[in-house]
Amino acid sequence: MSEQRILASSAVMAAGTVFSRASGYVRATLLVVALGSGLRGDLFAIANTLPNMVYILLAGGIFNAVLVPQLVRRIKEDADGGDAYASRVITLSALFLGAVTTLLVVAAPLLLQLYLDDRYLDPDRVTQLETIVDLTRWCLPQVFFYGMYVLVGQVLNARGRFGPMMWAPIANNVLSVLMLVAYLVFFGPTGDGAARAEALGRNQEVLLGLGSTIGIVAQLLVLVPYLRSSGFTYRPRFDFRDPELRRTLSLGVWTVLFVIVTQAAYLVVVKLASGGTVDGGKGTGYLVYSNSLLIMMVPHAIVTVSLATAILPRLSAFAHEGRLADLGSTVGSTLRTALALVLPFAVLLPITAGDVAGFAFGWDNPREAAAFAPTLALFGPGLVFFTVHYFMLRGFYAMEMTRLVFFIQVAVSLTNVAVATALLPVLPPERTAPMLVVAYLTSYAVGAVVSFVLLRRTVGGLETPRLLRFLVRMALVLAVAGTAAWLVERSLAGLGDYPGPFPSLLRGGLSAAAGMVVVLVGARLLRVREVTSLVDTAAARLRRG
């Protein structure tokens, strides 16, 4: 697959992701208006944690990393185009996910004790604990539907149908927005008073929990018609003795261990985050951390995931044919393409963090924007390390080196936990979410360095000299771009720190625009091909349109 074809395939997914993320941010904004960023907001955010964790694990781990290479091989080699194999995997996964979901619903109170701050067990927090348990049980059926959504989406991806999986979340977000609008109509916003620390009523729990789960059901159902149009016909199969299926499961052992280590570390993060708001004061907690992460993941979802998903079948083919040099070259060139968009975001987000927070979360109460801004600012640089680490793991997964990936992730997770547990006990609750980002950034810096060195050694090179030249030129461009954005930001400081959504949008938009103009001009002057190629490709598509 040429670089132009990778960009073309990625563009389809990126377009869907843009619309999906836009609707997702409307949902995030309404959630902060409805529940606030304090204790009450954390009650819902923490209850919805486990299904979201499963989705992240399946999308970025077991199904994406292990299943796609196997599906690509079976599509090429099997007379039925891999239909029987895919049907076995879907049947087995549905049985497994159904059993796991049932077990989680029953065990919800015990599970919550693993990732809630101990203060939630105190007598004065009994109603808040009951709210989290009830909401969690309403949300846990999402585990089954999230899992099936990821599985069906990866079957489509393996058959070259990349768009539907990226567009389907829009259905979920639309239903979630309608649910939150209904909540605001019937119950109103939480505001800045004592309600920020209060538990939810039964009707509120049912509306939020059931509404969230129905959205995930719709997200799965959107994909079903595309399966048949892709040429795949699902028939339930229970002949699980297929040797290739056993091979998939054996490869999945290390990925499951990867998942366990990653989520064990994340449970520690959630537990620490829940302690930031449990006292009902001005602390920042899980909702601030997770919603800031959501914004940080904009370029990751639009750029990195789209590019990685587009190249993974090609990487798997290179690995299968023993063409490791081509695999390394593809990973290296795609990484530079991703960084061409990620690096400007990483530089500009810390400069405009107050305005981003003001527009995204300051609609009902400017205090909410102040809670988000420091966390957002720190997430910008963290994205760079996360992007490098993410692409390196795609290379290892294509070569089915899941055991090595597990040990790399152990280092990442241990670093995250060690830094977070060292920082938070000595800092006030207001610093909880920002310090969790410091731990995140540090852990993925370790992961990026370790995974890059190991993959480079394994495949014989990742076009490192070209990467270094690219980074030097981008550093020069971004130094000027960041200065330009900061000057615009300072020139409009008279608007105030958090002047409201639309003044924040104006100031932040002008600052970011100034920075991006400098990036585009500087990339032309210094011949940063990775940036100019993206601009030229986009311009060509617009002309054809």
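The values are calculated or read from the model by the stated rules, or taken from the named source; none is laboratory data. Values in this document were obtained by computation on a predicted structure and should not be read as measured data. Reconstructed Cβ throughout: ideal geometry from the backbone, glycine too, with neighbour counts over all protein chains shown. These area figures cover heavy atoms from the full protein model, side chains too; ligands, DNA and RNA do not enter into them. Shrake-Rupley method; radii C 1.70, N 1.55, O 1.52, S 1.80 Å.
Here are the numbers for the structure shown:
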{"read-out": "Failed item in (1) within 28 Å of the chain's Cα centre (by Cα); (2) polar (S, T, N, Q); (3) surrounded by fewer than 21 Cβ atoms within 10 Å (Cβ to Cβ), with SER229 passing the rest", "value": "(1)"}
{"read-out": "Per-region count, region 96-116, residues assigned to a helix (DSSP H, G or I), farther than 13 Å from ILE46 by Cβ and out of contact with any Gly (no Cβ under 7 Å at 6 or more places or on another chain)", "value": "12"}
{"read-out": "Subset of region 75-95 [charged (D, E, K, R) and either assigned to a helix (DSSP H, G or I) or under 26 Å from the mean Cα position of the chain (by Cα) (or both)]", "value": "LYS76, GLU77, ASP83, ARG88"}
{"read-out": "Matching residues, region 183-199, being free of Cβ contacts under 8 Å to residues at least 24 places away in the same chain and of a type outside the set (Phe, Trp, Tyr)", "value": "VAL185, GLY188, GLY193, ALA194"}
{"read-out": "Any hit, region 53-69, residues being modelled with pLDDT of 70 or more and part of a helix (DSSP H, G or I)", "value": "yes"}
{"read-out": "Complete set of residues in region 200-215 that are without any contact (Cβ under 8 Å) to a residue 40 or more places away in the chain and within 26 Å of the chain's Cα centre (by Cα)", "value": "LEU207, GLY211, ILE214"}
{"read-out": "Scan of region 468-479 for residues that are buried (at least 18 other Cβ atoms within 10 Å of the Cβ) and either closer than 25 Å to MET401 by Cβ or within 28 Å of the chain's Cα centre (by Cα) (or both), ordered by number", "value": "PHE470, MET474, VAL477, LEU478"}
{"read-out": "Of all residues in region 1-38 being among the hydroxyl-bearing types (Ser, Thr, Tyr) and more than 21 Å from VAL288 (Cα to Cα), the one that is modelled with the highest pLDDT", "value": "THR17"}
{"read-out": "Filter result for PRO344 (open to solvent by less than 10 Å² (accessible area, probe 1.4 Å) and closer than 21 Å to THR483 by Cα)", "value": "yes"}
{"read-out": "Qualifying residue in region 345-357 (condition: at negative phi and at pLDDT below 90)", "value": "no"}
{"read-out": "Hits in region 425-443 - residues which are open to solvent by less than 50 Å² (accessible area, probe 1.4 Å) and in contact with a Gly (Cβ under 7 Å, 6 or more places away or on another chain)", "value": "THR432, ALA433, VAL437, TYR440, LEU441"}
{"read-out": "Meets criteria (assigned to a helix (DSSP H, G or I) and modelled with pLDDT of 90 or more) for ARG507", "value": "yes"}
{"read-out": "Region 400-424, residues that are of a type outside the set (A, V, I, L, M, F, W, C), open to solvent by 20 Å² or more (accessible area, probe 1.4 Å), part of a helix (DSSP H, G or I) and more than 13 Å from ALA264 (Cα to Cα)", "value": "ARG403, THR421"}
{"read-out": "Breaking point among (1) part of a helix (DSSP H, G or I); (2) open to solvent by 10 Å² or more (accessible area, probe 1.4 Å); (3) out of contact with any Phe, Trp or Tyr (no Cβ under 9 Å at 6 or more places or on another chain), for ALA265", "value": "(2)"}
{"read-out": "Every pair of residues 6+ apart whose Cβ atoms lie under 7 Å, when the first sits in region 296-325 and is closer than 14 Å to ASN157 by Cα while the second is outside any helix (DSSP H, G or I)", "value": "THR309/PHE162; ALA310/PHE162; ILE311/MET1; ARG314/MET1"}
{"read-out": "Residue in region 444-455 that is open to solvent by 60 Å² or more (accessible area, probe 1.4 Å), more than 25 Å from the chain's Cα centre (by Cα) and free of Cβ contacts under 8 Å to residues at least 40 places away in the same chain present", "value": "no"}
{"read-out": "Hey, VAL518 touching a residue at least 12 places away in the same chain (Cβ under 8 Å) and either over 29 Å from ALA398 (Cα atoms) or open to solvent by 30 Å² or more (accessible area, probe 1.4 Å) (or both) or not", "value": "yes"}
{"read-out": "Considering residues of region 232-242 that are open to solvent by 90 Å² or more (accessible area, probe 1.4 Å) and more than 33 Å from the chain's Cα centre (by Cα) only, the residue modelled with the lowest pLDDT", "value": "ARG241"}
{"read-out": "Test: residue in region 160-173 that is at pLDDT 85 or above and farther than 22 Å from SER229 by Cβ", "value": "yes"}
{"read-out": "Hits in region 199-219 (condition: under 30 Å from GLY163 (Cβ atoms), buried (at least 22 other Cβ atoms within 10 Å of the Cβ) and hydrophobic (A, V, I, L, M, F, W, C))", "value": "ILE216"}
{"read-out": "From the options VAL155, VAL174, residue that is over 30 Å from TYR120 (Cα atoms), assigned to a helix (DSSP H, G or I), open to solvent by less than 40 Å² (accessible area, probe 1.4 Å) and among the β-branched types (Val, Ile, Thr)", "value": "VAL155"}
{"read-out": "Among the residues listed as ARG196, ARG161, ARG119, the single one being in a helix (DSSP H, G or I), of a type in the set (Lys, Arg) and either open to solvent by 30 Å² or more (accessible area, probe 1.4 Å) or touching a His at 6+ places or on another chain (Cβ under 7 Å) (or both)", "value": "ARG119"}
{"read-out": "Conditions (1) loosely packed, with under 15 Cβ neighbours inside 10 Å; (2) at pLDDT 90 or above; (3) within 24 Å of SER274 (Cα to Cα); number of the one not met by GLY191", "value": "(2)"}
{"read-out": "Residue in region 296-307 that is at pLDDT 85 or above and open to solvent by 20 Å² or more (accessible area, probe 1.4 Å) present", "value": "no"}
{"read-out": "Which numbered condition VAL531 misses (of (1) farther than 21 Å from PHE391 by Cβ; (2) crowded, with 19+ Cβ neighbours inside 10 Å; (3) among the β-branched types (Val, Ile, Thr))", "value": "(1)"}
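Condition check ((1) part of a helix (DSSP H, G or I); (2) out of contact with any helix residue (DSSP H, G or I) (no Cβ under 7 Å at 6 or more places or on another chain); (3) open to solvent by less than 10 Å² (accessible area, probe 1.4 Å); (4) not basic (Lys, Arg)) across all residues:
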| position | (1), (2), (3), (4) |
| --- | --- |
| GLY281 | no, no, no, yes |
| SER333 | yes, no, no, yes |
| ALA340 | yes, no, yes, yes |
| LEU348 | yes, no, no, yes |
